[in-house]
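What follows is one structure encoded as structure tokens, with my remarks underneath.
The values are calculated or read from the model by the stated rules, or taken from the named source; none is laboratory data. On a predicted model such as this, the values are computed, not experimentally measured, just so you know. Here Cβ is always computed from backbone atoms with ideal geometry, including for glycine, and neighbour counts include all displayed protein chains. These accessible areas exclude ligands, DNA and RNA; they are computed on the full protein's heavy atoms, side chains included. Shrake-Rupley method; radii C 1.70, N 1.55, O 1.52, S 1.80 Å.
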Amino acid sequence: MKDEVIILAGTGQPEAKPWEPFAEPVLKFLGQLSCEIRRSRQQYEEMAAFGFWCRRSHMEAFRKRYEDGRGRLGRGVILHIPASNVPLLFAYSMVMGLLAGNSCAVRISSRSQDQDRIMCSIMDGLLKHPDYTELRKRISVFACNRDSSVITGLIAQCAGCVVWGGDRTIKEIRALPMKSDAVQMGFPDRYSICILDTAHVCSLTEDELKHLVHRFYNDTYVLDQNACSSPVAVIWNQKSGSEAAEHIRARWWNMVAEESGDYHMTAHKATVKYEQLCRYAMESQEAVKVTRYGNRLYTIRLSCVPEHPDQLKGSFGLFFEYTGDWREAVGHMATSRLQTITYNGIKAQEIEEHVVANHLFGVHRIVPVGQAADMDLIWDGQDFITVLSRQIGREVQDGAI
């Protein structure tokens with residue numbers, strides 16, 4: 001039925017009472033959740049990564065960022081609507097809402113990943129423990145249809161909402177009636193790139209190169225390139241072409257293909273990837289140079305940076321690549337939709353200084369290869385704690401009065 005709601009973890013109606021950010025019950029629960037995930041020994045890499053991320057020591061490190069002596073409280077109930085194609089995104093979003101001092105109502109899709117369902121089961125089991133009675137009242141993870149009246153009702157009552165998804169989804173949610181003081185955090189369509197310095201990659205030992213390839217694999221294949229932070233294009237930084245440069249480029253992609261040997265390539269994934277390749281070939285104004293490294297990896301060589309780089313679509317092992325000076329490439333690719341730059345062989349500070357000095361759009365994150373999917377309290381330039389909590393302003397009275 002259209003308005004059927006299935007509670008997957010927590011309660012049906014979270015209470016609205018605000019807590020202080022980084023409240024002890026929340027930190028205790030997350031620490032225990034991390035232990036439970038590790039104890040369950042799940043085969044999913046995303047589960048292990050989330051369990052490591054929400055460990056107590058990491059949450060404490062987050063807390064220290066906000067030790068400025070200023071009083072803060074959460075805002076109330078925050079509605080989270082995560083994208084369904086990124087495993088455990090709902091859990092990351094919910095945790096950041098809890099850390100900000102809020103109760104969280106989290107809607108997940110009926111098409112959610114297996115990892116999402118397993119995580120809900122682990123969370124719900126833990127929330128039933130007497131130690132977390134109060135926290136259970138503040139968490140509601142549920143499944144319902146996208147057009148359910150339940151969503152409309154929550155939007156009208158919540159103190160804020162966090163929406164992850166395409167532009168269309170965000171526009172639809174923003175069109176619904178909300179409280180006049182409700183805050184909104186939207187994370188629309190983005191794309192990301194990777195910069196590899198050719199000379200540096202060439203200087204790596206075999207083991208170092210294998211490690212770098214593995215980190216690149218984690219940034220891309222693990223999430224099917226569906227995450228906005230997963231690079232869709234690789235920029236080979238070099239002044240001019242050479243036989244040695246072509247050799248290291250081919251060596252890199254052959255090693256990526258080898259690393260992806262265990263990647264679960266379904267018929268659906270293969271079809272989508274091939275369709276993306278064909279669509280680009282049909283719409284491109286120039287000859288398309290494609291290299292196929294087996295069915296798990298296709299690359300498209302760009303002779304120049306396209307006028308609309310956000311239209312470069314790649315999933316399930318389809319990458320675009322460009323050879324040239326990284327500054328020129330970033331200058332052309334830095335639209336407002338450019339989210340993450342991963343890099344190797346170039347200093348992060350140098351990239352940041354170039355972005356700032358040239359007043360470029362986009363570029364919300366600059367991280368080493370292998371850290372594209374590492375979730376932070378600041379995402380797409382928005383600070384979860386600052387936006388989802390309210391700071392209590394105060395002035396000290398002049399003692400002379």
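Just for the chain, what percent of DSSP beta bridges are antiparallel, to the closest 5?
25
Under the rule of -39500 (n - 2.57) per DSSP H run of 4 or more residues, summed and divided by the residues of the chain, what mean residue ellipticity at 222 nm is obtained, to the nearest 500 deg cm²/dmol?
Result for the chain: -12000 deg cm²/dmol, rounded to the nearest 500.
Taking the Cα centre as origin and putting +1 on Lys and Arg beta-carbons and -1 on Asp and Glu beta-carbons, what dipole magnitude results for region 122-166, to the nearest 20 debye?
That gives a dipole near 40 debye.
Can you give me the C-alpha center-to-center distance between region 322-372 and region 32-105, rounded to a whole angstrom?
27
Which order do ARG327, ARG38 take by accessible area at a 1.4 Å probe, largest first?
My answer, sorted largest first, is ARG38, ARG327.
Counting only protein heavy atoms and a 1.4 Å probe, tell me what percentage of the chain's accessible area is made up of carbon and sulfur.
50
Around CYS278, with a cut-off of 14 angstrom between Cβ atoms, what is the net charge of the other residues, counting Lys and Arg +1 and Asp and Glu -1?
With Lys, Arg at +1 and Asp, Glu at -1, the neighbours total +2.
Just to be sure I understand, if you calculate P(r) over Cα pairs in 20 Å bins from 0, in percent for this structure, which of (i) 25, 53, 20, 1; (ii) 25, 46, 21, 7, 1; (iii) 27, 59, 13, 0 do you get?
(i)
In sequence order, what are the phi-derived ³J(HN,Hα) couplings for region 18-33 according to the Karplus relation 6.51 cos²θ - 1.76 cosθ + 1.60 with θ = phi - 60°, rounded to whole Hz, with x for glycine and proline?
Those phi angles translate into x, 10, 6, x, 6, 4, 4, x, 5, 5, 5, 4, 5, x, 6, 4 Hz.
For the cross-link pairs LYS28/LYS137; LYS210/LYS313; LYS239/LYS347; LYS210/LYS289; LYS28/LYS128; LYS17/LYS179, which exceed 22 Å when the distance is taken from alpha carbon to alpha carbon?
Table pairs above 22 Å Cα-Cα are LYS210/LYS313; LYS210/LYS289.
Averaged per residue, what accessible surface does the chain expose to a 1.4 Å probe, in Å²?
Per-residue accessible area for the chain comes out at 48 Å².
Of VAL290, VAL77, VAL232, which is the most mobile in a GNM of the chain whose springs link Cα atoms less than 10 angstrom apart?
Of VAL290, VAL77, VAL232, the Gaussian network model singles out VAL290 as fluctuating most.
Please compute the length gained on full extension between LYS128 and ALA267, using 0.36 nm multiplied by the number of residues separating them and subtracting their Cα-Cα distance.
46.0 nm
Once amide H atoms are built 1.01 Å from N in the peptide plane, which residues 5 or more positions from GLY160, or in another chain, come under 5 Å H to H?
LEU79, VAL183
Provide the solvent-accessible area of PHE90, counting protein heavy atoms only and rolling a 1.4 Å probe, rounded to the nearest 10 Å².
Probe radius 1.4 Å; accessible area of PHE90 about 0 Å².
Only Cα pairs within less than 10 Å get springs; with that Gaussian network setup on the chain, which residue of LEU89, LEU209, LEU388 has the largest fluctuation?
LEU209
What nm distance separates the two modelled labels at CYS278 and HIS359, each placed 7 Å from Cα along Cα→Cβ?
4.5
What does the accessible area of ASP376 come to, in Å² to the nearest 10, when a probe of 1.4 Å is used?
Roll a 1.4 Å probe over it and ASP376 shows about 40 Å².
For the chain, with a Gaussian network of springs between Cα atoms less than 10 Å apart, report the residue from LEU127, LEU176, LEU377 with the top mean-square fluctuation.
LEU176
Which net charge results when you count Lys and Arg as +1 and Asp and Glu as -1 among the other residues whose beta-carbon is under 10 Å from that of PHE316?
Charge balance in the 10 Å sphere: +2.
With +1 on the Cβ of every Lys and Arg and -1 on the Cβ of every Asp and Glu, and nothing else charged, how large is the dipole of the chain about its Cα centre, in debye rounded to the nearest 20?
About 980 debye.
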